[in-house]
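The block underneath contains the structure these notes are about, expressed in structure tokens.
The values are calculated or read from the model by the stated rules, or taken from the named source; none is laboratory data. Because the structure is predicted, anything quoted here is derived from the model rather than measured. Quick reminder, even Gly has a Cβ in these numbers, built from the backbone with ideal geometry, and neighbours come from all protein chains shown.
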Amino acid sequence: MIRLDNTRGSLFMILAMAAFSVEDMLFKLAADYTSIGILLIMFGLGGMSIFMVLTWRRRETLVPLAIFSRPIFIRVACEITARLCFALAITLTPLSSASAILQATPLVVVLGAALIFGESVSVKRWLAIGIGFIGVLMIVRPGLDSFNAASLFAVISTLGFAGRDLATRGASSTISNVQLGIYGFLALIPAGILFELYQPAPFRFASEAAWLIAGIVVFGVMAYNALTIAMRKGAVSIVTPFRYTRLLFALILGVVVFNETPDAMTLIGASVIILSGIYILTQKDSNTVAPITRLDITSK
């Protein structure tokens, strides 16, 4: 039975990562027709509406009192930062490189858990975290001619998603996943409004983007639900490493849809990040695994 649950959990994790990659692809395509702020606002409204219906069907309150707490406010602030910066990253840089940098999120979560929550991290795992960040530098390449300043948006989004996950750990356990889903998508709306306020031609929308936005919402919610099932079905040490299949899907979509050609340094850097993360996440004696289980339920 345990083996079957692990298999199901792994398959749902792969499904979630595939859906997230399709969501990113559709977002990048839609940005050619409609401003990023409008995309974030409509994505937020669509996802929030779906999770409000799910919450209502479960007969849970839409506004639990525990929502009005410091961890949730921090979570929303980090969500706004992360979503806005990642939206900019996937529209201004290759999908494959932005997704590769995002794979460092679990490393940042482990680092934050050690610094903020006092989680025990061995010397070997500290070295793995450091090596993982070297992989990020290999992709970003600051100071070199190939450096793309827009790739820093992906770095900031990684910090934002990690902060969101760490804040989730401090949130009350009385808040269900679907309730968190409401406020996770709600955070996209002010992120989109903030972006639009600083645009020379705000609120640009084209009807051609309508079906793309619908797809973004559908695949975004599908990914969230699949990720939730995955983290509840299987053992963390077995299921979590399958998060890195997202990079594989992103590379395929980047090449097929956007004619991207990731260079050797990007591929090597991505491999370094993935291997470092897998090493940390699969250590059975690590005290950092359990917190990541709770946090990654709503992780991008």
Original post:
Hey, any hits in segment 32-47 for a residue that's over 19 Å from the mean Cα position of the chain (by Cα), among the aliphatic types (A, V, I, L, M) and surrounded by fewer than 19 Cβ atoms within 10 Å (Cβ to Cβ)?
Top reply: no
Subject >> Hits in segment 55-69 (condition: at pLDDT 90 or above and in a helix (DSSP H, G or I)) >> reply: Thr55, Trp56, Arg57
Original post:
Mind checking which pairs have a first residue in segment 182-210 that is at positive phi and of a type in the set (A, V, I, L, M, F, W, C) and a second that is assigned to a helix (DSSP H, G or I) and modelled with pLDDT of 85 or more, Cβ under 7 Å, 6 or more apart or different chains?
Top reply: Phe203/Ile38; Phe203/Glu196
Subject >> Thr261 vs. criteria in a loop (DSSP other than H, G, I, E, B) and either modelled with pLDDT of 85 or more or within 20 Å of Cys85 (Cα to Cα) (or both) >> reply: yes
Original post:
Any idea which residue in segment 83-124 is farthest from the chain's Cα centre (by Cα), counting only those that are in a helix (DSSP H, G or I) and of a type in the set (D, E, K, R)?
Top reply: Lys124
Original post:
Which residue, of Val76, Val109, Val121, is modelled with pLDDT under 90, among the aliphatic types (A, V, I, L, M), surrounded by 16 or more Cβ atoms within 10 Å (Cβ to Cβ) and within 18 Å of Leu180 (Cα to Cα)?
Top reply: Val76
**OP:** Identify all residues within segment 5-52 that are part of a loop (DSSP other than H, G, I, E, B) and of a type in the set (A, V, I, L, M); write none if there are none.
**Re:** Ala31
**OP:** Give me a count of the residues in segment 264-286 that are surrounded by fewer than 16 Cβ atoms within 10 Å (Cβ to Cβ) and at pLDDT below 85.
**Re:** 3
Original post:
Limited to segment 147-168, what total is found for residues that are closer than 18 Å to Ile229 by Cα and in contact with a Pro (Cβ under 8 Å, 6 or more places away or on another chain)?
Top reply: 1
Original post:
Residues of segment 88-100 being over 14 Å from Val140 (Cβ atoms) and either surrounded by fewer than 22 Cβ atoms within 10 Å (Cβ to Cβ) or modelled with pLDDT under 90 (or both), which ones?
Top reply: Leu88, Thr91
